[in-house]
1. Give me the one-decimal nm value for the distance between modelled label points at Phe94 and Lys4, 7 Å along each residue's Cα-to-Cβ direction.
2. Mind computing the radius of gyration and Dmax over the alpha-carbon atoms of the chain? Å is fine for both.
3. Taking the convex hull of the Cα atoms, report for segment 252-317 its projected area averaged over all directions, in nm².
4. Based on the mean of other Cβ atoms within 10 Å per residue, sort peptides 37-44, 354-361, 182-189 so the most packed one is first.
5. Over 23 Å between Cα atoms, which of Lys206/Lys335; Lys295/Lys356; Lys121/Lys170; Lys122/Lys170; Lys66/Lys298; Lys4/Lys405 qualify?
6. Could you grab the Rg to Rh ratio for segment 1-139? Cα atoms only, Kirkwood for Rh.
7. Sort the following peptides by mean Cβ neighbour count (other Cβ atoms within 10 Å, averaged over residues), highest first: 340-352, 280-292.
8. Taking the Cα centre as origin and putting +1 on Lys and Arg beta-carbons and -1 on Asp and Glu beta-carbons, what dipole magnitude results for segment 270-371, to the nearest 20 debye?
Amino acid sequence: MSAKLQITDSRTNKSYDVPITDGTVRAMDLRQIKTGPDDFGLMTYDPAFLNTASCRSAITFIDGDKGILRYRGYPIEQLAEHCDFLDVAYLLLFGELPSPEQSAEWRVKVTHHTMIHENLKKFMEGFRPDAHPMGMFVSTVAALSTFYPEARNVSSAAVRSLETLRLIGKVPTIAAYAYRHSLGLPYVYPNNNLTYPGNFLSMLWKMTEPQYEVNPVLARALDVLFILHADHEQNCGTNTMRAVGSAHTDPYLSVAAAAAALAGPLHGGANEEVLKMLDEIGTLSNVPAFVEKVKTGKCKLMGFGHRVYKNYDPRAKIIKQTADQVFAVTGVNPKLEIAMELERVALSDEYFIQRKLYPNVDFYSGIIYQAMGFAPEMFTVLFAIPRTVGWLAQWQELVQDPEQKIARPRQIYTGHDERPVQQEAATLTAVS
Ligand code: CMC
């Protein structure tokens, strides 16, 4: 017997059977519930999508209560231990981990799209020296749209696949140029003999030496961080990617929009805010007073809490292990001690226990990035590079989903009823 939700409308005393599939009812099935022929029909009201599934997706699975994260069925812990980022990118986009031959071919393809047009480089030179790297990243990714006008043809699988490769290849280059720009250093061209993270480190930090020597521990740490950040189902940025993509906007503009959402301090911008918070706290002895400030609602404990995880974010656990490997090379970031004390105090406090607030991915990532030599302003850009893969995988899924249409929510109108413009209030100026 198929499951149904029986609804009785007390306004009309009529009853309805609404099918339940995958633990959900279709909002459109409620539209038949009306008080009369002129009634629009029942809608659902869900500001911030607290309880609304917007798509069917086979990419990422999260069980927020148990702290589980899987890409295409594989636990994040195993992917972080056994795979590299480009293979995980392949998995997210194509559904399976690549064979050794597929992996080799995939690497060559991505590597051949790492260069950016010289005019785009000149475009970046126009930014103020103190421009925020995330603003530069968003604008430059959007500007790519003007270099590849064919990307508008989103219904072509060949076009989608080429633009996907271009974006994955070019985002580290744009990110590195944004970083060099903020330091007033000349841009470093990609080196196709290096790995994806190794080339990124070279574009960031190469000076006058003919070949940048990649530290394998730091490159692997960055690769693991990229794996952890690659996708996270329907978060704010991904929802933006899908919403903008649903208008058949080209992928450069859609990724730029998604990155703009990511820049917010409640989303990917939180990693930068965590560092500012740790600076503000300054010493271990200030931790209890800061936690009290959070509890009285004066500020938030940045890097804590999550819409979906009501348990320890599995990514935060892996990041803590990665931190030890990075600190063995760079020396321990003194902020780590404050962060760990904050975590200890918060996790034993009723305020955080009751609300199920745990460290999220952003709590420790910034401490590692800072130890590696990044300024806090770069942290969200480091998040955007791997998340570009997740956005593109979700976009490919959206474009091929026959159930999807342009995203267009309804509203409950709360303004005035119709009213006439009063003559005396009108301010029309004569135009000659
Ligand atoms: N510090 C203090 N209190 C908090 C925090 C926090 N970080 N997060 C949530 N709360 C409280 C919140 O005030 C509310 O309390 P009450 O019930 O008394 O009003 C309760 O916990 C539930 O929070 P919410 O705001 O309804 O939860 P949400 O699902 O709407 O927000 C969140 C999720 C991530 C925006 C929020 O936890 C937050 O602002 N955290 C800090 C920013 C942050 O670290 N963001 C990164 C998220 S993970 C990476 C990513 O998504 O990019």
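Laboratory data are not the source of any read-out in this text; all were calculated from the coordinates shown. As the structure is a computational prediction, the values presented were derived from the model and not from experiment. Heads up, the Cβs are rebuilt from the backbone with ideal geometry, glycines too, and the neighbour counts pull from every protein chain shown.
1. 4.6
2. When restricted to Cα atoms, the chain yields Rg and Dmax of 24.4, 80 Å.
3. Hull-based average projected area comes out at 5.9 nm².
4. 354-361, 182-189, 37-44
5. Lys206/Lys335; Lys66/Lys298; Lys4/Lys405
6. My calculation puts Rg/Rh at 1.18.
7. Numbers: 340-352: 16.4, 280-292: 14.0.
Averaged packing, sorted descending, gives the order 340-352, 280-292.
8. 400
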